[in-house]
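Have a look at the structure below, then the notes.
Every number in this text was worked out from the coordinates using simple rules, so none of it is lab data. Note that this is a predicted model, so its numbers are computed, not measured. Glycine gets a Cβ as well: all are built from the backbone with ideal geometry, and neighbour counts include every protein chain shown.
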Amino acid sequence: MITNPHKGKNKGKKISETDLYKDSDGDGLSDYHEKMIAAGKMHTGSGEALRLCTTMNYLSSDSDGDGLADSEEVEIRKIPNSENYYCYMVSNPCVVDTDCDSYNDYVEEYIGSSPVSKINKIEQTESSTSGYSVKWSDWQELIEEHAWNYIHNAVEADIYSKNVGIQLETPISVGRIDVLRLATNEVWDVKPPSYVYEPNRSKGIAQVSRYVNAIGGKIGGLYIKGSSFEIGDYKVQYSNMNNGLIVYSFKKKQPDEVPVPVPAPETEKDDNYVYVPQYQPAQEIQFWGTVAAVLIVGGTIAEDVITGGGGIADDAASFYLAYRLMFGL
């Protein structure tokens, strides 16, 4: 925690008071607090000294360059009924990937998982604006096959193609505006399903508000209409939430299913129906004739062996009879 600089030994120190009301990088954190964090003089809510952010830069809105403003990764909170403050860490503003799970903090915050836990999940998986259920596994597959912003960029492109006077990815002092209507200075930010719900909804609106304040614009209204489209293997829908946020969701198209052949139903038997056995009598006669022929041939050969060739004289007649029994000739 930190004592209010206006009290006690800090009172009268002009530099501290100046820095407290100064935000050189426009990230929402005062220069004073960013300098104190970098010096290791701030504490967490549990009272531990915060010594992991020595590269905190009061002249940069994103000290670690992960895409999140410093104020999105750390908050300065006042202890109730006290003049003291503490540092609440959402993620580490000096580390690109706080939990070292190979997904940087911005990506995890964007899709709605935790940047401080390797156990990745999304608590709220379904967007009420589309009905598409987007789970952590869907994001994993998307990131592995394309990139985390594959659908994001496609939504921006679709908005640009369907609305007049739109500018995309406009860089400003405190970030980058996803969608800007030039005629009215209206600002929208494109977000995934997690921004339909709290706390991400409030975070998204706050982000849009920072952009609006930076350019003297206004929060985007209903000029942009919701729509749907397909890109690659994905179906995408997006909606204008009328609060500066355009929220999208997606699902992967299912492969074409191979139809399973259905046997034709058996017709009912009429009154004149006559059962035909599977094996005809003629077939049975041929079968038993073949059996008899095999026995005759086998017996003839056995006789020749036993008699030392003495019975060979009748072999021709025996083989002929066997042939007639087998083939009916």
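By count of other Cβ within 10 Å, fewest leading, how are Phe229, Phe250 ordered?
Details: Phe229 15, Phe250 25.
By the 10 Å Cβ count, ascending, the order reads Phe229, Phe250.
Within 9 Å, Cβ to Cβ, of Tyr234, how many net charges do the neighbouring residues add up to if Lys/Arg are +1 and Asp/Glu are -1?
Cβ neighbours under 9 Å give a net charge of +2.
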* Asked: Alpha carbon centre of the stretch 170-225 versus the stretch 49-93: separation in Å?
  -> 23
* To do: Would you tally the net charge around Lys203, using a Cβ to Cβ cut-off of less than 12 Å, leaving Lys203 out, and scoring K and R as +1, D and E as -1?
  => -3
* To do: Once you've got the Cα coordinates, tell me which of Lys162/Lys218; Lys162/Lys251; Lys118/Lys162; Lys218/Lys253 are over 28 Å apart.
  => Lys118/Lys162; Lys218/Lys253
* For the stretch 121-262, what does the alpha-carbon gyration tensor say about shape, rounded, prolate or oblate, given a ≥ b ≥ c as the root eigenvalues, a/c under 1.5 as rounded, and a/b over b/c as prolate? -> prolate
